[in-house]
Amino acid sequence: MLKEGADAAKEHLVALHETAVTHLKKVDPVVLVIGTIAGTIVYLNTYRLYTRSEKPLHKRLAAWGFQQFRKLPAVRRRIEQELEKPKMEILESIHKDDTDRHFYAAIPEDALSSDQVLDLASKYDDYGKFDVAHGKVSGAVYTDRTDDHLDLLAKVYRKYAYSNPLHPDVFPGVRKMEAEVIRMVISLYHGPEDSSGSMTTGGTESIVLACFAYRNRAYALGNDDPVILCPITAHAAFDKAANLCGMRIQHVPVDENQRVDVKAMERLIGRHTCMLVGSAPNFPSGTVDPIPEIAKLGVKYGIPVHVDACLGGFLVPFMKEAGFPLPVFDFGNPGVTSISCDTHKYGCTPKGSSIVMYRSHELHHYQYFSIPEWAGGIYATPTICGSRAGANAAVAWATLLSFGRQNYITRCRKIVESAKRLADGIRLIPGLELHGSPDVSVVAFKSTVFNVYAVADRMTKKGYSLNALQNPDSVHICTTFNHADSGKIDAILGDLRAVCQEVNSLPDKGNGSATAALYGLAAGIPDKTLVDEMTAAYMDACYAAPPKH
């Protein structure tokens, strides 16, 4: 029976082939060649268009339709009118603390005295109203800024204010400082003897450089369409890297604890996958991805694995000694090939320093950029920047040496203890539930009872600066050394409990709050370029002169 069916299918295929040949013989060969080429081009363009985005086709079509609708003159005018008021509100909110509204838009003809400059700098510093030292701010400032340490940084900065690691012959001291900082951080992550790394300006640059390196490696191996495979909770810097480097990015779902689904990651691995990503921890919920399992996938398929430890970079290496062991997240996993770690967060260095490190010099070399034929001479840089602030390397170096390993362990213990105390307290607040697993220093929460964004807005009125998240609606508090006190945590919990009671008592459960309206609008618009317009308005406002009253 099966043989008869196979024979019938074969005869049918032969008949189809003969029919096709008969018809094609009547066509001019030149037309056949042109048609084949044209068909191939159409197929390749269609394939690129289809794979360019992860969004379902119907959502892309809806967004495209909305964009075309917005181009109609009457619609465009109406939208511009509707956006005018929120744009002005954004401008006013950015400049609300600028009380005198005086703005230097040109260099003054006559120089200001040193005292005048310092007085003006102090005045600008007083604009800030958030009480960082008493734990009112999530993240942002990760250390307690003692006078002794600030004095040390000022003295070191004075020595290296005009140094530039681009000229190691002119500034050999800062070259050595940078190299020592890189090696000290690599040692925290158990880098092998051949490991290597670079100092960057921050976590985003570190991530972009790792993606750039793996893109170049992919090109060298014949992969002309490299794809980043990362969790949906991975930092947005990976999306920026994909955009800047001309790569594609695929996002992997996570489980109920916000850890990446390793089985789903394996299913998405394809011939164009050039790197796998895991976070330790991720930014939204502070959850550490299963790095050992991701590393095993890297070994199995021969794909580099990058661990993003930018946020917790100076906590996770010390957690075992602090009494909070984690699964192996560093180069102790054979499959881990690169790691990004911010020194300017829990490393307590001033802003503008991060480290990207690689298992081998060979991988690191894919990050380097060189133009041998430039008229200005052979040009080569290890990072995105050409000239770099040597003072950033100097103050990072001074911080690591003056803090010492035992101090970092002690700080780690206090910060993680505070985060766990905060998480335990949030579990007891009616209407709130934890979002993800607070594995390190970030504690995220959400609610199915009332609008959690309204909670964040009311906490802002009480002097707090918290982080709003989305997908799902949630908020997080990133604990720092400024929260490392049980009294400060208890104060946060007391205010949070009171605010939740207030929001829960509202008829609309907080759905009318400003942040709730903003995120609700963003979620409901198919064309996200409208959201882009509002974010552009926000960034424009940051660079703008203050509006006149």
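Some notes on this structure:
- In terms of its alpha-carbon gyration tensor, the stretch 215-303 comes out oblate; a/c meets the 1.5 threshold, while b/c is at least as large as a/b.
- Stokes-Einstein diffusion coefficient of the stretch 413-549, Kirkwood radius over Cα pairs, 37 °C, 0.692 mPa s, in µm²/s: 202
- Packing order of peptides 77-88, 281-292, 459-470, highest average first: 281-292, 459-470, 77-88 (average count of other Cβ atoms within 10 Å over each peptide's residues).
- The stretch 322-378, accessible surface, carbon-and-sulfur percent (1.4 angstrom probe): 65
- Per residue, the chain exposes 54 Å² of solvent-accessible protein surface, assessed with a 1.4 angstrom probe and all protein chains in place.
- For the stretch 400-482, the equivalent ellipsoid built from the Cα gyration tensor has semi-axes of 28, 14, 11 Å, listed from largest to smallest.
- Placing R0 at 45 angstrom, the Cβ-Cβ distance between R183 and L506 gives a FRET efficiency of 0.25 after rounding to 0.05.
- Debye intensity ratio I(q)/I(0), log10, the stretch 76-179, q values 0.09, 0.10, 0.12 Å⁻¹ (C-alpha model): -0.50, -0.61, -0.82
- Label positions at E92 and Q116, each projected 7 Å from the Cα along the C-beta direction, are separated by 3.3 nm.
- Expected 222 nm ellipticity per residue - DSSP helices of 4 or more, -39500 (n - 2.57), all of the chain, to 500: -16000 deg cm²/dmol
- Candidate residues E256, E178, E109: accessible-area rank, largest first, probe 1.4 Å: E109, E256, E178
- The stretch 322-385: C-alpha gyration tensor shape, a/c 1.5 cut-off, then a/b vs b/c: oblate
- Answer label for mean projected area of the Cα convex hull in nm² (calculated), chosen among [x] 32.2; [y] 38.0; [z] 25.2: [y]
- Euclidean distance between Cα centres, the stretch 360-433 to the stretch 439-457, Å: 27
- The stretch 82-148 and the stretch 231-305: distance between their alpha carbon centers, rounded to Å: 38
- Heavy-atom accessible area ranking, 1.4 Å probe, most first, across L518, L363: L518, L363
- Pairwise Cα distances in the stretch 114-246 exceed 27 Å for 48 percent of all pairs.
- Exceeding the 20 Å Cα-Cα cut-off - candidates K155/K351; K136/K488; K87/K351; K87/K509; K87/K528; K96/K548: K87/K351; K87/K509
- Rounded if a/c under 1.5, otherwise prolate or oblate - the stretch 260-408, Cα gyration tensor axes: oblate
- Within a straight-line Cα-Cα reach of under 18 Å, K263 can be paired with the following lysines, leaving aside sequence neighbours fewer than 8 residues apart in one chain: K296, K300.
- The stretch 269-316: trypsin sites (Lys or Arg not before Pro) in DSSP coil with no more than 11 other Cβ atoms inside 10 Å: R271
- Highest to lowest packing among 140-151, 165-176, scored as the average C-beta count within 10 Å: 165-176, 140-151
- FRET E, pair D131, V531, Förster distance 41 Å, beta-carbon r, rounded to 0.05: 0.85
The values are calculated or read from the model by the stated rules, or taken from the named source; none is laboratory data. Predicted, not measured: the structure shown is a model, and the values here were computed from it. Cβ coordinates were reconstructed from backbone atoms using ideal geometry, including for glycine residues, and neighbour counts include every protein chain displayed. Just the protein is used for accessible areas: all its heavy atoms, side chains included, with ligands, DNA and RNA removed. Shrake-Rupley method; radii C 1.70, N 1.55, O 1.52, S 1.80 Å.
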